[in-house]
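**Student:** Sharing a structure, written as C-alpha cells. Questions coming.
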Amino acid sequence: MSKALIANPVFSDELGLLMFRAEAATLQAFRLLLDKQPVLLAPVPDELAVVAPGLVEHQGEASRLPGQLVLAFMLQDKVYQALGGASAFTQWQGRADRCVIHGDDCIGGFTWSSGRYPVSLCWHHDNAHRAEPLPNVEAVVVRRLAAFGMSRVAEFVGRARGGEVSAAELAWWASAHGVHALLPESLALTALGRKATITDRHTAHGWKDTDARYDARDHIADLSKMVKPIKFEVDAEPPASFMARPKLTRWQSEAYLKFVRSQPCVVTGSTEAVEAHHMIGNGHSGMAMKTHDLMTFPLCHDEHMKLHDGGWQRWEQAHGSQLAHVMATLNKAAGLGVFG
C-alpha cells in the first residue's frame, strides 16, 4: 500500500506550468513524502474515480481483466440493469457536489446529468451537455461505469476491490444474474481455463478461413454450468426428532466442499491448492469426528497445516474466529445461489 495525491491540475500555457491546488496540510504531507523525488503523473485509476482530492492510500496494482472487454460487457443494457441501473450508479458515486469537467473550479450549483449514465455536472456544463454531448463527460462515464460494475461484482464475490476480480468470478456473477450469454467470448474462454484455437489461414482459392467453424464447443453456454445448485432440502419434522435419544449424523456434501475449494484462501487470498477446512475446537469436532461439511471455509494447504499444527487458538488470534469465516463462506454460498 502506497500514498498518492489526487488533485485537479491547472494548466498555464503562458508560464509553461502545471499546477495543483491542495490544502496546506496536504501539501506539507506530500512534500515530506516525495522528499525531492521525481513524480509520475497519471490519470486517476478506476477504483479511485470518485475519491475526493487529497492524500490517499493506493494499492497501485492493475486490474486482472482487460478493461475494454469489461466495458463492452458492462455497457449491455441487461448487464447494467443487473448491476442496479442508474439509481445504483448514482448512489455509488456519492453526492453531486463537484463537476467532473473542471471540479471545484466551476461556479454555481451542481446536478446529475440526464441520460442512462448520470454523472455530477455544474449547471453550465449540464446545459452544454444537454445541447451536445461533451467528449470529456463521455470519457468520465466510460471510466466510472467500468469501475462501478467491477466494484459491484467484487462485493458480490467477496473481493475488496474491483481490480481483484478474476474472469471466473466475473463469469460466476454473470451466471448468477442470468447475463452470462452477454460475456465477450474471450472472457468466457479465460473463465473456463480454455485457450482460443482460432488461427487464420487461406484456402486453395485464396479465401481467408479460420478454425472457428470446427470448434463445436459452446463456451458461453458452458458458463451456465459453473453455478450448479446443491440439492438442499429442509425437513421440518425429520423422523429422528421424534426419538427419545436420536443418533446425530454428519451432513456431507462433496458438491459443497468443491465450492469451498473454489474460493480464495481467507488468509492469503490465493486460489492455488485451496482446501476445505472443517472447523475445530469451540465445542466442535468432538470424538474424533469432523464437523458437518457446512462448517467449512477455504484455506490454502500451508495455512491449513499451520492451523492444525499450531493449534486453533493461536491461529484465531492471528486470523480471526473460525466461526466468522464459516459464516462468511455460508453467506457467500447462499448469495451466489449454491443452495438453489
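**Student:** With respect to GLN263, is the statement that it is touching a Pro at 6+ places or on another chain (Cβ under 8 Å), part of a loop (DSSP other than H, G, I, E, B) and modelled with pLDDT of 75 or more true? Give the derivation first.
**Tutor:** On the way: touching a Pro at 6+ places or on another chain (Cβ under 8 Å): yes; part of a loop (DSSP other than H, G, I, E, B): yes; modelled with pLDDT of 75 or more: yes.
Criteria met by GLN263.
**Student:** What are the residues in the range 253-268 that are surrounded by 12 or more Cβ atoms within 10 Å (Cβ to Cβ) and not β-branched (Val, Ile, Thr), if any?
**Tutor:** Those that are surrounded by 12 or more Cβ atoms within 10 Å (Cβ to Cβ) and not β-branched (Val, Ile, Thr): SER253, ALA255, TYR256, LEU257, LYS258, PHE259, ARG261, SER262, GLN263, PRO264, CYS265.
**Student:** Related question: Look through ALA328, ALA334, ALA318, ALA324 and report the one residue that is in contact (Cβ under 8 Å) with a residue 24 or more places away in the chain, under 24 Å from ARG159 (Cβ atoms), out of contact with any helix residue (DSSP H, G or I) (no Cβ under 7 Å at 6 or more places or on another chain) and of a type in the set (Gly, Ala, Ser).
**Tutor:** ALA328
**Student:** Given (1) under 9 Å from the mean Cα position of the chain (by Cα); (2) crowded, with 20+ Cβ neighbours inside 10 Å, identify the lone condition not met by ARG161.
**Tutor:** Status for ARG161: all satisfied but (2).
**Student:** Can you find a residue that is out of contact with any Asp or Glu (no Cβ under 8 Å at 6 or more places or on another chain), over 30 Å from ALA174 (Cβ atoms) and either of a type in the set (D, E, K, R) or modelled with pLDDT of 90 or more (or both) anywhere in the range 286-300?
**Tutor:** Yes, the range 286-300 contains a residue that is out of contact with any Asp or Glu (no Cβ under 8 Å at 6 or more places or on another chain), over 30 Å from ALA174 (Cβ atoms) and either of a type in the set (D, E, K, R) or modelled with pLDDT of 90 or more (or both).
**Student:** Any residue at all in the range 153-172 that is of a type in the set (Lys, Arg) and in a loop (DSSP other than H, G, I, E, B)?
**Tutor:** Yes, because at least one residue in the range 153-172 is of a type in the set (Lys, Arg) and in a loop (DSSP other than H, G, I, E, B).
**Student:** Okay, next question. Quick one: which of THR90, THR111 is of a type in the set (Val, Ile, Thr), assigned by TED's automatic domain parsing to the domain that holds ALA146 and part of a strand (DSSP E or B)?
**Tutor:** On inspection, the qualifying residue turns out to be THR111.
**Student:** How many residues does the range 153-190 hold that are in contact with an Asp or Glu (Cβ under 7 Å, 6 or more places away or on another chain) and on the phi > 0 side of the Ramachandran plot?
**Tutor:** 0
The values are calculated or read from the model by the stated rules, or taken from the named source; none is laboratory data. Predicted, not measured: the structure shown is a model, and the values here were computed from it. Note that we place each Cβ from the backbone using ideal geometry, even for glycine, and neighbour counts take in every protein chain shown.
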